[in-house]
Each structure stands twice: as structure tokens, then as C-alpha cells.
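What follows is a single structure, written as C-alpha cells, with notes after it.
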Amino acid sequence: MSYHHLTISERIRIEVLSILGYSTRFIAKFLHRHHSTIARELSRNKFENNYCSTFAHNNYLKRRKNSSYCGKYNEFLSNLISEKLNENWSPEQISNALLNGKLSFKTIYNWIYTGKLKGISLKNLRHKGKRRKKETRGKFLIGSSISTRPKEVKCRKIFGHWELDTMVSSRGKSKDCLATFVERKTRFYVAIKIKDRTASSMLEVIKKLVKVLPKKALKSFTTDRGKEFACYKEVEKLDIKVYFADAYAAWQRGSNENSNGLLREYYPKKTDLGQISNDDLIEKLILLNRRPRKCLNWDNPFNLFLKEVSHLD
């Protein structure tokens, strides 16, 4: 049976019965209460050595008012969480990687919803579930299908397999775009500016990447069938196998799609990518690659990528 606090009418009865000299157990039986409840009520609510029902009830109301749970909220924690939310960390990342699970991510969401975090609103949360438009630009139907890709690539246990894509400027803006690369095991993300969305521009930036990274760090590429990847034969001459995902199957390149979405938070679709500086782009990539990931057991892509590169012969 659940416990119910004493009411003012019960306290009046206790006062009357105690004045008449009835015992604690008799009063408890009369009110259908435990005798220890009556004993505590009489002992802690005496006024001038006598029990007073109004005095007792007023004390009860004060105790109830002061007993409300204050929670874990404090100004230091609020500022710390707000800082990371402004850096585009999710509440779950903050809870697990920054606070070691001592504060639930659901609590952080509640603080956002109730306006407890200064300067933070729902706009600081990522938008999910946006429907993507089907690809209508030119494609080609040659090259190796993703169905022929080795299982070791799919399971993400081998380092050096990448997903590729491009991120374009808004219509009416410049032709400048970004060539984006994601290493599947570590989720390390690279974005490089290119002058247009052509095969020659893509080949040029891939050759730059080959010069910078160790040879064993580039084993395969998985891309869509956009015409900027028509240079795949030249890429395979660099000893990098190229696989093409199925049409309208963005989930087959999920890491790249997700990472592009993260970068879009800094450069929305209305952005002219030709106007962003390389320094600003590098700064944003550092923020993304240092952000902890749930899929990496709350480690970050930058740390894991450096570890993998250091182990290469």
C-alpha cells in the first residue's frame, strides 16, 4: 500500500485524542495509521509541550516546500554544456565523452527544452530525417559494382578503405565544390576544395591525397556513379581499387553522407563554397575529427586515424 501524508483533518483528530489522553497505538488504530507515524508526528510537532494541529501542519508545508529536488543543474555545468553545444556536439556525445555518463543526455535535452541553458535553443540540435532529392545529373554504368567489394571492407575491420563524394555550392553560385573523403574504420573525414565537379578536378585532388598519405592508407574507394568519378581507371592505376554504389542507395556510403551532413552545419546549402577560405575549412574539419563518436566507443576519428597510420610499415 502506498504511503499518504497526514492531512489537516487527521492532525486535528490527533490533537483532540491526545488531549483526551488516548495512547499512540489507539490513535493509530482509530486513524488506520501505523503507530510509529503517530509517534513521530507527536514528538516533532510540539508547541509549548503540547501537540498543536495547525502548528504541525504549517511545519509540514514548510518541509515540503524545502524538500523539492534541486537536481544536478549548476552554472558551471550549464556553461560547459552550452560551450560544447555551440561546437555542434550532441547531448549524447557530451554525456558520454565529456561527463562520463554522470549526467544523462535526456537531462541535457530537457534543459534545452525548458530553456535552462543560456543562449541555447532547439536550433543548436541537429536536424534529422531530411529527405534527399534523387540524383538527376549524368552518370555512367561501367566499373566495379559494390557487390564485388570484399567483405573486409564492409565489416570496417581493415584500415585504408574510403568513401568519396562531392559537396556543391548553391545554384547560381560558383562552380567551386568540395571533394570529401571518409576512412571507413576510423571515420576520419577530409574535405578539399576543387574548382568544379569534373573528373579531371577529382583526379587531381586524389593524386594530392596519394602524395600526402602512406600508400597502405589508401586501399579502396567507394563512390556513387557521378561523372566526376569517371576518372576511376586512372585512380586504379595508382593501385587503389574503386567500387561504385548502387543507384539511390546513399546508405551504402553512409559514413560519407553523415560526415557531409555534419559539415553542412557549418556551410549550409546556400553557401558559396568558392568564398570559404582553406584556413576556415581546416578549422571546421579539426572540430569534426576531434568530436567523439558513439560508433567509436566515444573516441574521436583524429586519434584513431593517427594510431592506424603510425602502425603502417
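The values are calculated or read from the model by the stated rules, or taken from the named source; none is laboratory data. Since the structure is predicted, the reported quantities are computational estimates derived from the model, not experimental observations. All Cβ positions, even for glycine, are placed from backbone atoms using ideal geometry, and neighbour counts span all protein chains on display.
Odds and ends about this structure:
- In the stretch 279-295, the residues that are buried (at least 17 other Cβ atoms within 10 Å of the Cβ) and part of a helix (DSSP H, G or I): L281, K284, L285, L288, N289
- Residue count for the stretch 150-164, restricted to those that are under 16 Å from T223 (Cβ atoms) and at pLDDT 95 or above: 5.
- Yes/no for L273 being surrounded by 15 or more Cβ atoms within 10 Å (Cβ to Cβ), assigned by TED's automatic domain parsing to the domain that holds L164, modelled with pLDDT under 95 and not small (G, A, S): yes
- Selected residue (criterion: modelled with the lowest pLDDT) from residues of the stretch 1-44 that are under 16 Å from N59 (Cα atoms) and among the basic types (K, R): R44
The rows are residues; the columns are (1) at pLDDT 85 or above; (2) assigned to a helix (DSSP H, G or I).
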| site | (1), (2) |
| --- | --- |
| A56 | yes, yes |
| N59 | yes, yes |
| R63 | no, yes |
| Y69 | no, no |
| F76 | yes, yes |
| L85 | yes, yes |
| W89 | yes, no |
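- Scanning the stretch 1-36 for residues that are crowded, with 17+ Cβ neighbours inside 10 Å and closer than 18 Å to R64 by Cα yields a count of 3.
- Taking (1) of a type in the set (A, V, I, L, M); (2) under 22 Å from R171 (Cα atoms); (3) more than 22 Å from the chain's Cα centre (by Cα) in turn, L263 satisfies each apart from (3).
- Subset of the stretch 161-201 [surrounded by 21 or more Cβ atoms within 10 Å (Cβ to Cβ), part of a loop (DSSP other than H, G, I, E, B) and out of contact with any Phe, Trp or Tyr (no Cβ under 8 Å at 6 or more places or on another chain)]: S169, R187
- All positions within the stretch 166-184 that are under 23 Å from the mean Cα position of the chain (by Cα) and either without any contact (Cβ under 8 Å) to a residue 24 or more places away in the chain or under 20 Å from K269 (Cβ atoms) (or both): M167, T180, V182
- When residues of the stretch 228-263 are limited to those that are of a type in the set (K, R) and surrounded by 14 or more Cβ atoms within 10 Å (Cβ to Cβ), the one farthest from V210 (Cα to Cα): R253
- From the options R131, R126, residue that is over 16 Å from the mean Cα position of the chain (by Cα) and at pLDDT below 85: R131
- Checked against the criteria, Y73 counts as of a type in the set (F, W, Y), touching a residue at least 40 places away in the same chain (Cβ under 8 Å) and either closer than 30 Å to Q93 by Cα or surrounded by 16 or more Cβ atoms within 10 Å (Cβ to Cβ) (or both).
- K269 vs. criteria under 20 Å from S169 (Cβ atoms) and either within 19 Å of the chain's Cα centre (by Cα) or aliphatic (A, V, I, L, M) (or both): no
- The stretch 103-123, residues that are among the charged types (D, E, K, R), under 15 Å from N86 (Cβ atoms) and either outside any loop (DSSP other than H, G, I, E, B) or within 15 Å of the chain's Cα centre (by Cα) (or both): K123
- As for the stretch 224-235, it holds no residue that is within 21 Å of S90 (Cα to Cα), assigned to a loop (DSSP other than H, G, I, E, B) and touching a residue at least 12 places away in the same chain (Cβ under 8 Å).
- Taken over the stretch 208-246, the residue count meeting the criterion of being basic (K, R) and within 22 Å of I142 (Cα to Cα) is 6.
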